[in-house]
1. Please report 312, 457 as a ranked list, fewest other C-beta atoms within 10 angstrom at the top and most at the bottom.
2. Report the normalised scattering of segment 351-392 as log10 I(q)/I(0) at q = 0.16, 0.24, 0.31 Å⁻¹, calculated by the Debye formula with identical scatterers on the alpha carbons.
3. Aspartates and glutamates near residue 357 by alpha-carbon distance under 14 Å, same-chain residues fewer than 8 away left out - which ones?
4. I need the Kirkwood Rh of segment 65-133: take the reciprocal of the average 1/r across all distinct C-alpha pairs and report it in angstrom.
5. Given labels modelled 7 Å from the Cα in the Cβ direction, how far is it in nm from residue 176 to residue 97?
6. Calculate the length of the line joining the C-alpha centroid of segment 255-311 to that of segment 178-199, in whole Å.
7. What residues qualify as long-range amide H neighbours of residue 471, i.e. H under 5 Å apart, gap of 5 or more or another chain, H built at 1.01 Å from N?
8. Pull up the DSSP beta bridges for segment 19-151 and report the antiparallel fraction as a percent, rounded to 5.
Amino acid sequence: MTKKYLVLALLLQLAMPALAQKAPQIKVEQGLLEGTAEKSGVQSFKGIPFAQPPVGDLRWKAPQPAKNWTGVRQATAFGNNGMQKAVFGDMMFRSPKMSEDCLYLNVWTPAKKPTEKLPVLVYFYGGGFVAGDGSERRYDGESLAEKGIVTVTLNYRLGIFGFFSHPELTKESPSHASGNYGLLDQHAALLWVKKNIAAFGGDPNKITIAGESAGSISVSAQMASPLSKELIAGAIGESGAMINPTLDAIPLADNEKHGTVFAEKIKAGSLAALRALTAEQLLEEAAKPGAFYTKAVVDGYFLTKLPLETFDAGEQAKVPLLAGWTSAEIPYQAFMQGQFPSPENYAKRVKEQYGDKAAEVLKLYPGTTQEEAITSATALASDNFIVYSTWKWADLHRKTARQPVYVYQFSRARPPMKSEMGNAKSGLAGGIVKGDGAKKDENAMPEPLAGASHASDIEYALGNLASNTIFEWTDDDYKVSELNEDYFANFIKTGNPNGKNLPNWPVVNKATGDMTIMDINVQSKAYKEPYRTRYLFLDNYYRTKK
């Protein structure tokens, strides 16, 4: 062999370890998993079954423990996403397909682990309990894993598959309950994490749960559930709680009646007939207008009472809570219902909505000018949609749990979309407005209030801006993301978001309830809560409203 080839052979030999990096393997209760060594040094394990596929006779049953496997199971690709319609245009899944067989979770963990166990985050996706998937890039746990946190995302059943009640289901259930299957899936995932996360370097006694929108609502429900409340050490809620008027729970009898009517409509008179339908048939029938609504259930098992009542009684998980909302959750149009936001039209809408309470509402949400009407209509739409329930959750927990509570408002508006995406203006609550070249129409509706819209904070909080290639992210966006993620990471590790080089985030006063809210933006700062009187009005309004 010539000298030239000897040198080449030697170089190839030296390069082989890097070229053939060994895939990480971890032993869990069900068997051996093989994952992926990411370029960052993080190890990922995707598509891990945490329960048996809820198909056939297991449709509409509480999740059953996953079965063991032999040999090495590849955990390098996401599992199937749950049955759902394409409801939200911003959801981009990496799952192989849609299926009832959807109960899988994903774990990201640092390759080099310290001798002590690492804190754990379990994240629930949003989507109104009718859509969503743990494979979305915005939920990736790699960035948090780089900060020393074992991060988990998971799938749970949705819509008709996750929240259907029926007298026959209640009768056959060992817990005498039906509905809440999606929430029980989340609980089963928490149990799996509790049993197995130590194998990934995680501390089973240091599990923080988090989520946005329906995921945040899920966090409040898991805190209220007697099944889950002892499994968690902390909670993060991004926009939403299971408190009226946001997606509240209903009595089991009401959901059974609803399920019975649905079954009669589709001419499936028995549970056997319902289970004989294909998943696609069920999805299509449930998607018809007025056919099925998705509600959590006070079933006497997962939820023994309304979450509001549980938190009011101090029977929830006694853990630190970090919760907040975006600055412009939904646009003024949601309140104005298509009417131009003039002071006259705004006052008319307030009177239509609040009747004899209108004068009080107009004092709290004034609209004497068009600009003021847009601001107040945005606030009313957002408060009634999700802000009030999140505030109420934090306020009740502060009062009855006697645990640290931290409240924020995320205010960073998304930047414009990239030019190849149309160079539209974004970051406006409620959508996309075509860019600067368009001629203004004097009769056109005014633009929505600038601010952070619902769900726009997810990529920032989890350190995943780069994974969203639609927007023209700037240095300031990455600055906000780093700060937001550091706050979350500190809270997951210690129960306190504060840390070195971060603006101080005061805890809510446990005795008085006075909130100092952290405004998360380029110039982040804490400010005294300005709208407590609004939330107290809404609190009384929803408690007394028939």
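Any read-out appearing in this document is the output of simple, stated calculations on the displayed coordinates, not a laboratory observation. The structure displayed is predicted, hence computed values, not measured ones. Positions of Cβ are generated from backbone atoms using ideal geometry, with glycine treated the same way; all protein chains shown enter the neighbour counts.
1. On the way: 312 15, 457 27.
With the sparsest Cβ surroundings first, the list reads 312, 457.
2. Log-scaled intensity ratios, in q order: -0.42, -0.87, -1.08.
3. Cα-Cα hits under 14 Å: 539.
4. Values: mean 1/r = 0.0673 Å⁻¹.
Averaging 1/r across every pair of different Cα atoms and inverting gives 14.9 Å.
5. Each label point lies 7 Å from its Cα, and together they span 4.1 nm.
6. Distance between centres, Cα-based: 21 Å.
7. 418
8. On the way: 14 of 20 bridges.
Around 70 percent antiparallel, to the nearest 5.
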